[in-house]
Amino acid sequence: MQKQSKMKLALRITLVMTVVSVVLRVLLVPGVQDAAGPFRLTYLAVAIMALALIGVLVLVILGRREMAELPAVKGRWLLPIAALMMLVGVCVLVSSAVDLYNWTAYGIAPPPTKAVISGVDRLLLFATLIFGVLAGIYLIRLGLSWFRGNEEQRGTMKIWALMPTAWIWMRLARYEISYSSAVDIYEGFYDFAMLLLMLLFLFALARLQASVGKAGPARTAFFALGTALMALSGPLTRVVFYLLGEGDAYRAGQLAGIADFAVGLLAAALAAYWIVNARPVQPDDPSQELFSADEE
């Protein structure tokens with residue numbers, strides 16, 4: 001009997017738990033005010049999501065020798081992933097440009113707060129929007145370069161590769177100085193976990209694309225899977241809340257938007273490609289450690 005791939009199992013669990021997360025949040029969040037006592041029903045959803053991430057991490061660690069490296073995107077996968085890369089760029093660029101216009105024209109800031117609460121917040125918001133525009137331009141250019149080369153191009157646009165990371169970094173910093181970061185765990189877990197995993201994934205992707213250091217294959221795959229889980233489930237849940245007319249629930253987890261959903265799709269697509277097309281570590285290769293020091 002063929003040995004089951006732990007990396008592919010991690011991928012399947014990620015996709016299944018994305019749906020489970022949406023269902024749990026839709027069922028539990030609207031009734032949170034009815035839960036008496038210190039325990040709230042939505043803690044159950046938070047616990048299940050946290051356990052799902054831990055389970056995926058364990059599977060990735062156990063299956064790390066299934067990935068000797070992160071294969072370059074080519075063949076039949078190239079066209080859809082390159083198109084998805086450009087779509088992510090368009091979403092990030094347009095959403096950042098719209099937020100910039102709303103802020104400068106009407107004084108309406110994007111989530112987590114509609115009003116700028118301090119000078120530091122103003123600086124972080126400005127940096128978020130500028131880096132968002134630059135990140136969108138970079139991702140569009142990157143997708144186009146893949147088309148022209150008929151294969152994933154690495155080692156190009158090294159400084160530009162940091163723009164998506166800087167965009168998320170500024171968003172995370174602004175979230176941390178806002179009052180939203182002080183809410184109960186069942187309200188803040190999804191936004192914080194989504195931004196943190198997106199930051200790790202985009203930074204790992206930047207290192208891969210810029211060919212800086214050695215990107216740990218299993219570690220990068222885990223960041224991609226975690227990003228897919230959180231960045232897909234968050235926006236989908238908000239869409240369901242909107243359709244159901246659950247205004248308060250819709251406003252919870254407000255940081256999850258269309259750009260985050262697009263990044264989640266990209267993370268899921270890349271994780272699927274890497275896992276399906278990876279070659280295993282050969283017996284004479286050094287062991288692959290998930291969080292080992294990178295080789296320069």
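The values are calculated or read from the model by the stated rules, or taken from the named source; none is laboratory data. Since the structure is predicted, the reported quantities are computational estimates derived from the model, not experimental observations. So basically every Cβ, Gly included, is an ideal-geometry build from the backbone, and we count neighbours across all protein chains shown. With ligands, DNA and RNA removed, areas are computed over all heavy atoms of the protein, side chains included. Shrake-Rupley method; radii C 1.70, N 1.55, O 1.52, S 1.80 Å.
Observations, loosely collected:
- Look at the stretch 74-96: where a residue is free of Cβ contacts under 8 Å to residues at least 60 places away in the same chain and a partner is of a type in the set (Ser, Thr, Tyr) and part of a helix (DSSP H, G or I), sitting 6+ places away or on another chain with Cβ atoms under 9 Å, you get Gly89/Tyr138.
- Selection within the stretch 136-152 - part of a loop (DSSP other than H, G, I, E, B) and either without any contact (Cβ under 8 Å) to a residue 12 or more places away in the chain or crowded, with 22+ Cβ neighbours inside 10 Å (or both): Glu152
- Within the stretch 219-245, the set of residues being over 12 Å from the mean Cα position of the chain (by Cα) and within 24 Å of Ala109 (Cβ to Cβ) comprises Thr237, Arg238, Val239, Phe241, Tyr242.
- Test result for Thr128, farther than 23 Å from Gly188 by Cα, of a type in the set (S, T, N, Q) and either surrounded by fewer than 18 Cβ atoms within 10 Å (Cβ to Cβ) or at pLDDT 85 or above (or both): no
- Put simply, of Ala82, Ala109, Ala97 the only residue that is of a type in the set (Gly, Ala, Ser), assigned to a helix (DSSP H, G or I) and either open to solvent by 50 Å² or more (accessible area, probe 1.4 Å) or farther than 23 Å from Phe223 by Cα (or both) is Ala97.
- Hey, Val58 among the aliphatic types (A, V, I, L, M), outside any loop (DSSP other than H, G, I, E, B), over 30 Å from Ala173 (Cβ atoms) and open to solvent by 50 Å² or more (accessible area, probe 1.4 Å) or not: yes
- Residue count for the stretch 219-246 satisfying the condition of being in contact (Cβ under 8 Å) with a residue 24 or more places away in the chain, open to solvent by 10 Å² or more (accessible area, probe 1.4 Å) and assigned to a helix (DSSP H, G or I): 8.
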